[in-house]
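Report on the following structure.
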Amino acid sequence: MKNKVISKLIAGTLLCSMVSYTLPVFAYTKEETVYAKLDNRGNNYKTVVSTHIMNDENLDIIEDLSDLLNINNTSGEESFKQDGSKIIWNANKNDIYYQGDTLKDLPIDCNIKYELDGVEILPEEIIGKSGKVKMTLQYTNKELRTVNINGKNIKMYVPFVVVAGTIIKNDNTSNITVSTGKVIDDGTKTIVAGMAMPGLQESLGISKDEIEIPNSIEITMDTTDFKSEAIVSYITPKVLDENDLKIFDNLSKMESQIDTLQSSSQKLEVGANTLKSGINTAYKGAKTIQAEVLKATKSLSLDNSNALDSNTLSQIQTSAVSQVSAQITTQKAGIVAKAKAQAEAVVDNQKSVIESTAVSSFNTFLNQPANATYKAIYDNMDPNEKALFESAIRTTASNTAKTSAGTAAKGTAESITDQVATQVAGSVSTTIATTVANQVKSTAAQKVVSQMNSLNSGLSQLTEGLAQLDSGATELTQGIKTFNEQGIDKICNYIKENVNGVANRVKKLTDLSKEYSNFTMLNENNNGNVKFIMISDAIKE
């Protein structure tokens, strides 16, 4: 018994002496939970701090610093002595739990605004009202710091994350929503939770046009008898940890990939423009060819002029009487030769049209499903082989048309002149000669017109297809241009210009988060962390 009393006296003496002398610094972790009571407008009227000192080293004596008022031990019998802000705890190897009041300003302000059907209303006036209600919880970060990033002083806020929640009864309330959060309805009540990060928008230097980081929470509902429970806001400065920063380790690789993306997108735009230009040229060319073919076809089909001129007819008439057989024979050869020459000349004049028609017909033949094997063979040819093949098609088509027209004209002329060989009257000779020549001309012209009509039909389909393709190419080109200018370029330039700056700011925010480790006071070599819980008053009758 006596020894116990002596031990207590020695311990008490040591404790009192330690208050007056500098103690060795022992490492411990100090956790603070700051409870703030707010009225229903968000004004703080009472703040209590609950502190937990984690005695990881099983110390008997713990030196603490605190500016709290009315400190009391909330869990245990550990005693303490206080000298100003210095507090000496007789820990006896235990953790310390204590609580006290404070008049210090909170790092985050909360302003609560109420609206009924779009009109702001006081909380005491909204009780029991019906209509569309919106509650806006506006949070303001007051922990502004000046930091140095790459030699430049920048204003940044200590990063705080706010998670606010409340419970709404479903009796007289429906259509409950929350911005930047979640609504959970269990049938009888609805749990509402939202998140805000006041000051983070400014700290990161990001425009709201690019991305908007919320600093407020909006809760809306339809009600027939408005009431609200307390709103609890949980606030912590722990936004990021070291693992979150690993995302910025490969920035150089990401920038290289962004350059490749931007370059490839620009090449795509150039290719689209080239494609559009080529299609447009082909479309215009097809329209020109079609117009010329129509013009030539119309002119040829309406040509009623005589195949033989007046001089030739006069010679036939003069010679007819005296040189019947010889003249007829001679004239026969001349008519036949001239008819043949004219038919061949007509074909020569349409040579390019006939050749193009042949190529178009060949392409049509290849594109028929039944001829897929031939198309595959043709597609596998190299460009030189294709060019030679196409040249052969063109030459064969024009030569065949010319030979056919000449042969037809010759045969017709010979047949007709044989029939009139026995007639000698001048008028009959000229009539027959004219008829023969015109028939030869008409026959040849009809064949050419028929071929040109077929060609024109193909050209119409080609032109129509090219017109649609040209329109599509225009839309494609404009779409790619818009995508590049409004999408790829903006995204790539923004990332290249801002990613390093944002990364540096995020790293600095992590430093600010670590530095904000307590609300009251903390010994220099000890660890600490702090969180805030703000509870606003309910609105009830």
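The values are calculated or read from the model by the stated rules, or taken from the named source; none is laboratory data. Because the structure is predicted, anything quoted here is derived from the model rather than measured. Please note: Cβ atoms are built from the backbone with ideal geometry, for glycine as well, and neighbour counts cover all protein chains shown. The accessibility values were calculated without ligands, DNA or RNA, using every heavy atom of the protein model including side chains. Shrake-Rupley method; radii C 1.70, N 1.55, O 1.52, S 1.80 Å.
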- Query: Residues in segment 453-472: is at least one more than 24 Å from E344 (Cα to Cα), touching an Asp or Glu at 6+ places or on another chain (Cβ under 8 Å), at pLDDT 75 or above and buried (at least 17 other Cβ atoms within 10 Å of the Cβ)?
  - Reply: no
- Query: Any chance segment 235-248 includes a residue that's part of a strand (DSSP E or B) and at pLDDT 80 or above?
  - Reply: yes
- Message: I'd like to verify a number: residues in segment 503-522 that are part of a helix (DSSP H, G or I) and either among the basic types (K, R) or surrounded by 15 or more Cβ atoms within 10 Å (Cβ to Cβ) (or both), how many?
- Response: 11
- Quick one: which of M156, M195 is out of contact with any helix residue (DSSP H, G or I) (no Cβ under 6 Å at 6 or more places or on another chain) and of a type outside the set (D, E)? M195
- Task: Look at segment 402-437 and say how many of its residues are modelled with pLDDT under 65, hydrophobic (A, V, I, L, M, F, W, C) and open to solvent by less than 30 Å² (accessible area, probe 1.4 Å).
- Result: 1
- Look through segment 359-373, keep the residues that are more than 42 Å from the chain's Cα centre (by Cα) and of a type in the set (A, V, I, L, M), and return whichever of them is least open to solvent (accessible area, probe 1.4 Å). V359
- Selection count, segment 61-99, where residues are under 20 Å from G528 (Cα atoms), in a loop (DSSP other than H, G, I, E, B) and among the acidic types (D, E): 2
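Rundown of residues vs (1) at pLDDT below 95; (2) surrounded by fewer than 10 Cβ atoms within 10 Å (Cβ to Cβ); (3) hydroxyl-bearing (S, T, Y), yes/no style:
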position	(1), (2), (3)
C16	yes, no, no
Y21	yes, yes, yes
E31	no, no, no
D39	no, no, no
N44	no, no, no
- Any idea how many residues of segment 342-358 are farther than 25 Å from T412 by Cβ and exposed (fewer than 15 other Cβ atoms within 10 Å of the Cβ)? 1
- Message: Condition first: surrounded by 15 or more Cβ atoms within 10 Å (Cβ to Cβ) and free of Cβ contacts under 8 Å to residues at least 40 places away in the same chain. Now tell me which residues in segment 61-93 satisfy that.
- Response: I62, I71, E78, F80, I87, W89, A91, N92
- Which one of these does N518 not meet: (1) more than 28 Å from Y28 (Cβ to Cβ); (2) at pLDDT 75 or above? (1)
- Scope segment 293-309; condition in contact (Cβ under 8 Å) with a residue 24 or more places away in the chain and either open to solvent by 50 Å² or more (accessible area, probe 1.4 Å) or farther than 23 Å from I354 by Cα (or both); matching residues: L294, S301, D303, N306, A307, L308
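Here's the yes/no breakdown for (1) free of Cβ contacts under 8 Å to residues at least 12 places away in the same chain; (2) touching a strand residue (DSSP E or B) at 6+ places or on another chain (Cβ under 8 Å); (3) more than 30 Å from I316 (Cβ to Cβ):
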residue	(1), (2), (3)
T431	yes, no, no
N438	no, no, no
A445	no, no, no
Q451	no, no, yes
S454	no, no, yes
D470	no, no, yes
G479	yes, no, yes
- In segment 485-494, anything buried (at least 18 other Cβ atoms within 10 Å of the Cβ) and at pLDDT below 75 is listed as C492
- Task: Would you mind finding the one in I149, I108 that is among the β-branched types (V, I, T), modelled with pLDDT under 95 and either in contact with a helix residue (DSSP H, G or I) (Cβ under 6 Å, 6 or more places away or on another chain) or within 30 Å of G501 (Cα to Cα) (or both)?
- Result: I149
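Does segment 381-402 hold any residues that are in a helix (DSSP H, G or I) and of a type in the set (A, V, I, L, M), and which are they?
The answer is A387, L388, A392, I393, A397, A401.
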- Pair list, Cβ under 8 Å, 6 or more apart: segment 177-191 residue more than 16 Å from T136 (Cβ to Cβ) and modelled with pLDDT of 95 or more, other residue open to solvent by 50 Å² or more (accessible area, probe 1.4 Å) and of a type in the set (S, T, N, Q): V183/T177
- Item | Complete set of residues in segment 374-397 that are open to solvent by 80 Å² or more (accessible area, probe 1.4 Å) and charged (D, E, K, R) | E385
- What residue, among those in segment 523-541 that are surrounded by fewer than 18 Cβ atoms within 10 Å (Cβ to Cβ) and among the hydrophobic types (A, V, I, L, M, F, W, C), is farthest from the chain's Cα centre (by Cα)? A538
